[in-house]
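Accompanying notes for the structure given below.
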Amino acid sequence: MSETLKTVPLNDVHQQLGAKMVPFAGYNMPVRYSSDLEEHHTVRRAVGMFDVSHMGEFRLRGPQALPLIQRVCSNDASKLTPGKAQYSCLPNKDGGIVDDLLVYMLAEEDYLLVVNASNIEKDWNWIQQFNTEGAEMQNVSDELSLLAVQGPKAAAALQSLTAADLSAIPYYSFVQGTFAGAPDVIISATGYTGAGGFELYVPNAYAKQVWDAVMDAGQPYGLKPIGLGARDTLRLEMGYCLYGNDITDATSPLEAGLGWITKFTKDFTNSESLKAQKAAGVDRKLVGFLMDGPGIPRSHYPLVSEAGEVIGEVTSGTQSPSLSKGVGLGYVQTALAAPGTAIFVQVRGKNLPATVVKLPFVPGTEEA
């Protein structure tokens, strides 16, 4: 790969903390500081802080901002009010997904879209082609740092750093203001762990100031820096989709169990075809499964029926730190998607038994 890796503003901080750095989505990112297992349990039981500044952010403003968002997103952004956020996806024209994203309504005619790091350019180009009415679009990805402070003790650990009552911010809501002395910080009750907590959108100039303040304020609560390794096991225990694995350009939001963010009360890209798919029913579904015995499912391992017929493949899999069992996500034929269905995972030539279960694998603390 000849491309130079980009670095996040806190790159030196992570290296000083002894993080193992790896290339991820074109960025040099901390994958772990101690061990994935220890970091996972820190977030589930106490509180940890992730640097996810590689994520992309687009600012959309003006009278055409909402119509543009409505055109490209599957969810109904007209339901948003200032201070509210929404999970959504960008359907493509072929029944798949360009990306999944968060839509923040900052103020009237002022929105922030948060997209996956690996898709920043792709998403920007995709949205821009529909911007025929002149919404003001600005790619602010390189201006903002994003720190995710996650875990049951997150509100207590952060409260001394802001005048906002953190316990009063509902899930998928946010406030904007001064945080740890930094101006214009978005404090959002969102995350990707199921453990509760906040995401902090911070102007780059204040990233280190905020990081240091959170590390200090969080010390009595056991706060530690957390890498991308634990982020993956935490999201998988919740059954949250990862773009590139569980959802792609070739997976429909309805197959992926994202019907709840696919609102046919409005027209959006490919909505007619998705509406027809909903009426007809999907041929395959994304399911969660639990290994019945030893064995760790990994991405692309075949899923087979009792008769040995290939019925799908694993899209994400790991050993769940909370359950001490192998867990995975994968697409299977709809007839085999009901919880309780016995399936098998092909691990190094052996068919190991597993059971389809209702998601999440581990109960989350968050309330939608």
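Of everything listed in (1) of a type in the set (S, T, N, Q); (2) closer than 28 Å to residue 73 by Cβ; (3) in contact with a helix residue (DSSP H, G or I) (Cβ under 9 Å, 6 or more places away or on another chain), the single unmet condition for residue 219 is (2). Among the residues of region 89-125, those identified as in contact with a helix residue (DSSP H, G or I) (Cβ under 7 Å, 6 or more places away or on another chain) and of a type in the set (A, V, I, L, M, F, W, C) are 89, 90, 98, 103, 115.
Meeting the requirement of 1 or more residues that are among the acidic types (Asp, Glu) and either more than 22 Å from the chain's Cα centre (by Cα) or not assigned by TED's automatic domain parsing to the domain that holds residue 188 (or both), the helices (runs of 4 or more DSSP H) wholly within region 1-86 are 11-16.
Condition check: crowded, with 17+ Cβ neighbours inside 10 Å, touching a strand residue (DSSP E or B) at 6+ places or on another chain (Cβ under 8 Å) and over 24 Å from residue 236 (Cα atoms). Does residue 47 satisfy that? Working first, answer last.
On the way: crowded, with 17+ Cβ neighbours inside 10 Å: yes; touching a strand residue (DSSP E or B) at 6+ places or on another chain (Cβ under 8 Å): yes; over 24 Å from residue 236 (Cα atoms): no.
So residue 47 fails the test.
Pairs are defined by a Cβ separation below 7 Å, a sequence spacing of at least 6 or placement on different chains, a first member in region 159-183 that is closer than 16 Å to residue 196 by Cβ, and a second member that is of a type in the set (Ser, Thr, Tyr) and surrounded by 16 or more Cβ atoms within 10 Å (Cβ to Cβ); the pairs so defined are 172/190; 174/104; 174/188. Just one of the listed residues (78, 34) is surrounded by fewer than 19 Cβ atoms within 10 Å (Cβ to Cβ) and over 24 Å from residue 176 (Cβ atoms), namely 34. For residue 155, are the conditions met, namely being under 30 Å from residue 92 (Cα atoms), hydrophobic (A, V, I, L, M, F, W, C), at pLDDT 95 or above and in the same structural domain as residue 10 (by TED's automatic domain parsing)? When the stated conditions are applied, residue 155 does not pass them. Taking region 170-191 as the range and being buried (at least 18 other Cβ atoms within 10 Å of the Cβ) and either of a type outside the set (A, V, I, L, M) or farther than 15 Å from residue 50 by Cα (or both) as the test, the residues that pass are 172, 174, 175, 176, 179, 180, 182, 185, 186, 188, 190, 191.
How many residues, within region 274-294, are within 14 Å of residue 353 (Cβ to Cβ) and either surrounded by fewer than 20 Cβ atoms within 10 Å (Cβ to Cβ) or among the acidic types (Asp, Glu) (or both)? First the steps, then the outcome.
We begin by selecting, within region 274-294, every residue within 14 Å of residue 353 (Cβ to Cβ); these are 289-294.
Add one more test, that the residue is either surrounded by fewer than 20 Cβ atoms within 10 Å (Cβ to Cβ) or among the acidic types (Asp, Glu) (or both), and what stays is 290, 292-294.
Of the residues in region 274-294, 4 are within 14 Å of residue 353 (Cβ to Cβ) and either surrounded by fewer than 20 Cβ atoms within 10 Å (Cβ to Cβ) or among the acidic types (Asp, Glu) (or both).
Scanning region 127-146 for residues that are under 20 Å from the mean Cα position of the chain (by Cα), surrounded by fewer than 20 Cβ atoms within 10 Å (Cβ to Cβ) and not polar (S, T, N, Q) turns up 140, 142.
The values are calculated or read from the model by the stated rules, or taken from the named source; none is laboratory data. Given the structure is predicted, the values throughout are model-derived calculations rather than measurements. Quick reminder, even Gly has a Cβ in these numbers, built from the backbone with ideal geometry, and neighbours come from all protein chains shown.
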